[in-house]
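Report on one structure; see the data block that follows.
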Amino acid sequence: MQEMILPLKRYAQFEGRANRREYWMFQLFLLLAGTAVGLIALTVALVAGLVLEADSSWMAGITIGALALVGLLWLATIVPLIAVTVRRLHDCGQSGWLYLLALVPGGGLVILIFALLPGTPQHNPYGPVPTGP
């Protein structure tokens, strides 16, 4: 669990390096958090629909609330996600500006490939080899 929330502790730290474990554990954290928010929204919708026999205006409100929760989760984690991805690119010896490829169709695939590659085993211009959290 410590490794999952490490990028949240390094909220906007774009310098340095992040090993594969740090990057992928944060991705797992985001998946689990998104799933939890989705399950909470689904549970509330089912309870409102089945137990309370809510009408369509209630269901629309629940849907808007669920989307608001997802939006808040996204807003809270977008900066740490960009920062850990930039540090992961640094670990592979690439510039953090390469992250801008995410804005180009198919550019996310390049970032995925760099995220899967092992980092440079020696000191590089972005810092020493990360030893883990």
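Note on the chain: with charges restricted to the Cβ of Lys and Arg (+1) and Asp and Glu (-1), its dipole about the Cα centre is near 500 debye. Were the residues from Ala102 through Thr35 laid out at 0.36 nm apart, the gain over their Cα-Cα distance would be 21.8 nm. Near Gly127, no amide H atom lies under 5 Å from its own; only residues 5 or more places off or on other chains count, and H is placed 1.01 Å from N. Axis angle, to the nearest 10 degrees, between helix 107-116 and the longest C-alpha principal axis of the chain: 70 degrees. Based on C-alpha pairs under 8 angstrom that are at least 6 apart in sequence, the chain has a relative contact order of 36 percent.
At a 1.4 Å probe radius, which order do Ser95, Ser57 fall into by accessible area, largest first?
Working: Ser95 50, Ser57 75 Å².
Highest to lowest solvent-accessible surface, that is Ser57, Ser95.
Build a GNM of the chain with springs between Cα atoms under 10 Å apart, and of Pro121, Pro80, Pro105 the one that fluctuates most is Pro105. Annotation note: chymotrypsin sites (Phe, Trp or Tyr not before Pro) in the range 4-56 located in DSSP loop regions with a Cβ neighbour count of at most 12 within 10 Å are Tyr11. Taking the chain as a Gaussian network of alpha-carbon nodes connected by springs under 10 Å, the highest mean-square fluctuation of the residues Gly65, Gly34, Gly16 belongs to Gly65.
Give the angle, between 0 and 90 degrees and rounded to the nearest 10, that separates the Cα long axis of helix 20-46 from the longest principal axis of the Cα atoms of the chain. So the inclination is approximately 0 degrees. Across the chain, Cα-Cα pairs more than 25 Å apart make up 39 percent of the total. For the range 1-70, the alpha-carbon radius of gyration amounts to 1.57 times the rule-of-thumb value 2.2 N^0.38 Å expected for a compact globular protein.
The values are calculated or read from the model by the stated rules, or taken from the named source; none is laboratory data. Predicted model only: the values in this text are computed from it and were never measured. A quick note on method: Cβ atoms are made from the backbone with ideal geometry, for glycine too, and the neighbour counts reach across all protein chains shown. These accessible areas exclude ligands, DNA and RNA; they are computed on the full protein's heavy atoms, side chains included. Shrake-Rupley method; radii C 1.70, N 1.55, O 1.52, S 1.80 Å.
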